[in-house]
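The values are calculated or read from the model by the stated rules, or taken from the named source; none is laboratory data. Bear in mind the structure is a predicted one, so any value in this text is a computation, not a measurement. When we count neighbours, we look across all protein chains shown, and the Cβ atoms used for this are built from the backbone with ideal geometry, even at glycine. These accessible areas exclude ligands, DNA and RNA; they are computed on the full protein's heavy atoms, side chains included. Shrake-Rupley method; radii C 1.70, N 1.55, O 1.52, S 1.80 Å.
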Amino acid sequence: MLPALVLTAGHATRLRPLSLVRAKGAVPVAGIPIAERILRTLAAAGVREAVLNLHHLPETLTRRLGDGDALGLRVRYSWESPLLGSAGGPRRARPLVGASPFLVVNGDTLTNADIGTLVAEHQRYDALATLAVVPNAEPDKYDGLAVDAAGNVTGRVLRGTGQPSYHFIGLQVVEAATFDSVPADTPYESVSALYPALIAERPGAIRAWRCAAEFLDIGTPADYLDSSLLVGGREGIGIDVGANCEVAPSARLHRSILWDDVVVEAGAMLKDTIVTDGVRVPADTSWHGVTLRRATGTLAPGERQIGDLAVAPLT
């Protein structure tokens, strides 16, 4: 199986304030960080070598994943400063990946797409990149891709236009040469900048593999809550409680997530609430539809400080 590059360097601005506490790939879905779930999926498909790119809060990823030995594959890291984007990051990581073609996996999406079938589809054609896509069921929320009858990506379809399109689900096979035109150590994006240029230069350079795979979005705190609870329900997790948490017997939790080292005092009530690392939820307080983190430093847009807590509406 091909080696993989997992894109985990980004600031995850849509996920704030959660991404002020952990890198997006380190955010737990039903108790397991997103990046770890992705690596487990890759290992199950036969991948034995993976590279993660790092920039924002890298220690929250590296201390959990280490060298990957516990996950059944070797993990190495490509460090970025400045943040290089979805094309600049692979351009920098190419020597570390050390093979062509290779998988590129977005570090913020979980999918059950069949990796072996995607690789076989890529190998059938002379394309620089083959992207796993599904019909865009939410065209007002997501930009899409225009795909012709032969499976070639012909352009982008912006959200809100009403045109039928396909949604890229964050899994692709790429040739190393895909990134030849990207300047070294320069921020550059793939779907919005590099791929349109490659398509204009050589139609058919970028292909789509149309599939019916599931994908779970972790884009916003509300998306994250829904996706994590869905996965937890499938895995038999009643209440999503992280490591070293203390929950008073009289506290009540409903559709909520506790990260690590959280204390929920007596009589507290949490509903549709995400509680991040190290938070102490005061006794006899009620929280509904919010994120809670320790109020250290500057508040994020939309947050307000209540006691020792930074509180933001769940959006």
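Return one whole number: the accessible area per residue of region 117-164 in Å², for a 1.4 Å probe.
52
What are the residues whose amide H is under 5 Å from the amide H of D260, where those residues sit 5 or more places off or on another chain and H is modelled from the backbone?
Answer set, sorted by chain and number: A243, D277, G278.
Largest first and in whole Å, give the semi-axes of region 198-266's equivalent ellipsoid, each being the square root of 5 times a Cα gyration tensor eigenvalue.
Numbers: eigenvalues 343, 35, 17 Å².
Values for region 198-266, descending: 41, 13, 9 Å.
For M269, what residues show an amide H to amide H distance below 5 Å, using hydrogens built from the backbone and excluding near sequence neighbours?
The answer is R252, T285, S286, W287.
Work out, step by step, the length gained on full extension between A184 and D261: first 0.36 nm times the residue separation, then minus their alpha carbon distance; give nm to one decimal. The partial results should precede the final answer.
Values: separation 77, 0.36 × 77 = 27.72 nm, distance 4.08 nm.
Between A184 and D261, full extension yields 23.6 nm more.
Of all the accessible heavy-atom surface of the chain, with the other protein chains kept in place and a 1.4 Å probe, what percent is carbon and sulfur?
51
So what's the projected area for region 9-78, the Cα convex hull averaged over all directions, in nm²?
Working: hull surface 17.9 nm².
So the Cα hull casts an average projection of 4.5 nm².
Please report how far the C-alpha centroid of region 58-103 lies from that of region 179-225, rounded to the nearest whole angstrom.
Using only Cα atoms to place each centre, the spacing works out to 17 Å.
Over the Cα atoms of region 231-315, compute the convex hull volume and normalise it per residue, giving Å³.
In region 231-315, the Cα hull volume divided by residue count equals 89 Å³.
Toward the positive end of the charge dipole of the chain, about the Cα centre and with charges on Cβ (Lys, Arg +1; Asp, Glu -1), which of I32, T154, G68 goes farthest?
Going by the charge dipole, the pick is T154.
Quick one: divide the alpha-carbon radius of gyration of region 1-48 by 2.2 N^0.38 Å and tell me what you get.
Compactness ratio reported: 1.27.
How big is the dipole moment of the chain about its Cα centre under a simple scheme where the beta carbon of each Lys and Arg is +1, that of each Asp and Glu is -1, and everything else is neutral? Debye, nearest 20, please.
Approximately 140 debye in magnitude.
Using helices alone, what [θ] at 222 nm do you get for the chain, with -39,500 (n - 2.57) per DSSP H run of 4 or more residues, divided over all residues and rounded to the nearest 500?
Taking each H run of at least 4 residues, the total per residue is -5500 deg cm²/dmol.
Reported to two decimal places, what Rg/Rh ratio describes region 26-158 when computed on Cα atoms with Rh from the Kirkwood expression?
Values: Rg = 16.0 Å, Rh = 16.6 Å.
A ratio of 0.96.
Mind jotting down a quarter of the surface of the convex hull over the alpha carbons of the chain, in square nanometres, one decimal?
Values: hull surface 64.4 nm².
That works out to 16.1 nm².
Farthest toward the dipole's positive end in region 169-268, which of F179, N244, G267, given Cβ charges of +1 (Lys, Arg) and -1 (Asp, Glu) about the Cα centre?
Sorting the options by dipole projection puts first F179.
So what are the radius of gyration and Dmax for the Cα set of region 171-315, in Å?
21.4, 65
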